[in-house]
1. First select every other residue whose beta carbon is under 12 angstrom from the beta carbon of M56; then total the charges, Lys and Arg +1, Asp and Glu -1.
2. Less than 11 Å Cβ to Cβ from G123, Lys/Arg counted +1 and Asp/Glu -1: what total charge do the surrounding residues give?
3. Can you give the extra length, in nm with one decimal, that the chain gains between L78 and E147 once fully stretched, where that is 0.36 nm per residue apart less the Cα-Cα distance?
4. Taking springs between alpha-carbon atoms closer than 10 angstrom, which of V29, V65, V108 fluctuates most in the Gaussian network model of the chain?
5. If the reach is capped at under 29 angstrom between alpha carbons, list the lysines near K128, excluding any in the same chain fewer than eight residues apart.
6. Rounded to the nearest 0.05, what FRET efficiency is calculated for R21 and E47 with R0 set to 25 Å and r the Cβ-Cβ distance?
7. Of all DSSP beta bridges in the chain, what percent run antiparallel (nearest 5)?
8. Could you tell me the largest-minus-smallest coordinate of the C-alpha atoms of segment 2-147 on each of the three principal axes, in descending order and whole angstroms?
Amino acid sequence: MKIYMDVCCLNRPFDDLSYERIQFESDAVLAILSRCQTGMWTLVSSEIIELELMKMQNKNKLDKVRYLLSVSKTNLILNESVIHKSHEFQKRGLKSLDSLHLAIAHDVNVDVFLTTDDAFLRGALKLKINLTISNPINWFLEVLQNER
């Protein structure tokens with residue numbers, strides 16, 4: 001299973017865990033990454049993730065996110081098809097970076113795109129594209145349920 005996590009997801013374990021939702025999302029992200037580390041699933045990264053990470057000001061947090069991302073063995077590269085699809089998504093309401101993340105994940109047919117950004121999630125789901133897009137908690141709970 002190929003999984004794409006946006007930067008919000010990758011940052012979640014290093015956010016303020018005193019909020020229950022953030023703690024639950026963090027636990028889900030770490031559990032998913034653990035399965036990627038064991039080879040059960042594959043974490044997919046991209047040039048867009050790297051671009052977004054370069055903007056991070058907190059070096060300590062950046063190092064931790066890069067460590068999590070080191071589980072990924074696949075780094076997707078932008079191409080004309082992705083850029084074109086990204087422009088289509090922007091016309092339909094997504095922000096520039098969000099549209100690039102979604103377009104590159106869609107282009108390589110990942111199995112699931114995970115985000116903790118509610119506004120992005122709502123906008124992406126409205127596109128009704130052929131890609132599973134979810135919050136990590138909801139998706140991981142569904143996977144666990146189906147494993148029974």
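All of the numbers you see were taken from the coordinates with simple rules; none came from a lab. Predicted, not measured: the structure shown is a model, and the values here were computed from it. No Cβ is skipped: glycine too gets one built from the backbone with ideal geometry, and neighbour counts run over all protein chains shown.
1. Neighbour charge sum, excluding M56 itself: +2.
2. Every neighbour counted, the sum reads +1.
3. Difference between extended and current length: 21.4 nm.
4. Of V29, V65, V108, the Gaussian network model singles out V108 as fluctuating most.
5. Within the straight-line limit of under 29 Å, K128 reaches these lysines: K2, K73, K85, K91, K95.
6. Efficiency computed from Cβ-Cβ geometry: 0.25.
7. Here the share of antiparallel DSSP bridges comes out near 0 percent.
8. Computed over the Cα atoms, the extents are 38, 37, 30 Å.
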